[in-house]
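Only one structure is covered here, and it is reproduced in the block below.
The values are calculated or read from the model by the stated rules, or taken from the named source; none is laboratory data. Please read all numbers here as calculations on a predicted model, not as lab measurements. All Cβ positions, glycine included, derive from the backbone under ideal geometry; neighbour counts span all protein chains shown. Areas reflect the complete protein model, heavy atoms only, side chains present, ligands, DNA and RNA absent. Shrake-Rupley method; radii C 1.70, N 1.55, O 1.52, S 1.80 Å.
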Amino acid sequence: MPLRARVAALFAAYFFGLGLFLPFFPLVLAEAGLGAGEIGTLLAVPLVVRLAANPLISAAVDRFASPGRAIGLLSLLAAIAFSGFFVVEGFLASALLLVVISIAWSPLMPLGDALAARVEREGEGDYGRMRMWGSISFILANLAGGALVGQWTVEVVVGGIVAGLAGAALAGWSVPLGRIRVLENESVSFVSPDLALAGLETEEAGHGRRRGSLAAKLHLLRGEARFLDTGFILVVLAAGCVQASHAAYYAFSALFWSGIGLSGIWVGGLWGLGVITEIGLFAMSAGVRARLGVTGLLALGIGGAVLRWLLFPLAVDPASIAALQLLHGLSFGATHLGAVAFVARNAPPQWAGAAQGVMSMAGGVVTAIASAAAGLLYATGAVPAFAAMAGLAALGGGFLVAGLAARRGS
């Protein structure tokens, strides 16, 4: 199987579970008797955990493991942990289980993005077309979940997520790429996944490691970390604000639409419709990036998010909701493409996973706050919750302008 197909399969399996988690896991929690504030707080738990888990685990994988096999192992651990929701009940027990799950599950996205960006960089595939299969799988999960939730909500949602993570474990383990190793002379070498798994190195890499002094290694590390300047952090934070502005949508769209009388199949279909626009953008990603550039993609995502969240609570009939869902390709898709391309372009290849982890961490800080705030605000009404999300996306626009100015001035 071609390398690009293996990475596409990894995305498909991972996003099948996510396609059940995002719209329907709040229903699992609501069915367990938890209130809006408790649901918002629980959904913030993975976001808080990923602040530490994503950069630390991603950096460890960059330095010590082959990316595919690390993804496979983490996916398997997350699948085993998530099966605990078949038996766990109550707020505190759910929160503790989510902490354990998130340590393994949260780093999968930045590691997968870094892996796909590396495959594209080596001429083996196109990032957008590989990632597109994740979006297709996400839609299938939305539709399947929408049709089946109700009497079997816990079984369908929890079981489907576990199955998706198990599939991601198999797909990740099949990716043969070794880790990238940089020697003290800054040349790049590769360690095969079998040698990395066994804790061994090639003779050349081992010789380079033994030859370098601690001072030389620290000097190299400082040089590699220069990409983490103020402009880089501000642009990454801009993307994080836009992605965090989806917090109220992820937590409460299913509850909001159910409250205005839409069935589970409608909820799944509307989620799927939004992702269809994302798929279209990913399919044309190379051409779109060439025309708009990273800045254009991020600006498009910011504008789409502000408009979408301002109008979201006002759309209460299927036609207007469906029209508004078409903005998902901008609010999420354009922002994601722009952010991944920006990080891949500015980070050294040997720190690709860690750099994506930094982006995930920045987004996680804002998203954790936004998720908890969305729960509190939604308890007072949908309008204040989604107005706050529009303001957060607009704040991302300010960070983008500041970040680009800082990079031009450096």
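Descriptive notes on the structure:
- 3J(HN,Hα) from dihedral phi, the range 99-109, Karplus parametrisation 6.51/-1.76/1.60, rounded to Hz, x for glycine, proline: 4, 4, 4, 5, 4, 8, 7, 4, x, 5, 5
- Convex hull volume per residue for the range 1-58, taking Cα atoms only, in Å³: 92
- The modelled label-to-label distance for the pair T230/A406, using points 7 Å beyond Cα in the direction of Cβ, is 0.7 nm.
- The residue list P348, G128, G396 was ranked by how far each Cα lies along the charge dipole of the chain toward its positive end, using unit charges on Cβ atoms, and P348 comes out on top.
- Relative contact order for the range 78-127, counting Cα pairs under 8 Å that sit 6 or more residues apart, in percent: 29
- Against the main long axis of the alpha-carbon atoms of the chain, helix 247-259 sits at an angle near 30°.
- Apportionment of accessible area to carbon and sulfur, the chain, percent (1.4 Å): 70
- Per-residue 3J(HN,Hα) values for the range 302-315, derived from phi via the Karplus relation 6.51 cos²θ - 1.76 cosθ + 1.60 with θ = phi - 60°, read 5, x, x, 5, 4, 5, 4, 6, 5, 8, 3, x, 8, 8 Hz in sequence order (x marks Gly and Pro).
- Over the chain: helical MRE at 222 nm, DSSP H runs n ≥ 4 each giving -39500 (n - 2.57), nearest 500: -26500 deg cm²/dmol
- Crossing angle, helix 335-346 versus the chain [Cα axis fit, 0-90 degrees, rounded to tens]: 10
- On Cα atoms only, tilt of 382-409 relative to the major axis of the chain in degrees: 30
- Comparing the range 233-293 with the 2.2 N^0.38 Å rule of thumb, its C-alpha radius of gyration ratio is 1.47 (two decimals).
- Top positive-direction residue, dipole computed over the chain with Cβ charges, set G304, F16, G146: G304
- The dipole here belongs to the chain: it is taken about the Cα centre, uses +1 on the Cβ of Lys and Arg and -1 on the Cβ of Asp and Glu, and is about 980 debye.
- Rolling a 1.4 Å probe over the protein heavy atoms gives the chain an accessible area of 39 Å² per residue.
- Here r is the Cβ-Cβ distance between A379 and A5 and R0 is 45 Å; the resulting FRET efficiency, rounded to 0.05, is 0.50.
- The fraction of Cα-Cα pairs per 20 angstrom bin, counted from 0 for the chain, comes to 28, 59, 13, 0 percent, rounded to whole percents.
- Close amide-amide hydrogen proximity is noted between I260 and no other residue 5 or more places distant or on a separate chain, at a cut-off under 5 Å (H modeled in the peptide plane; Pro and chain starts excluded).
- Seen from all directions on average, the range 52-143 presents a Cα convex hull projection of 7.3 nm².
- Label-reachable residues, the range 370-410, where backbone N falls under 16 Å from a point 7 Å from T295's Cα toward its Cβ: 397-410
- Farthest towards the positive end of the charge dipole of the chain, among the residues A248, A117, A5, is the Cα of A117, using unit charges on the Cβ of Lys, Arg, Asp and Glu.
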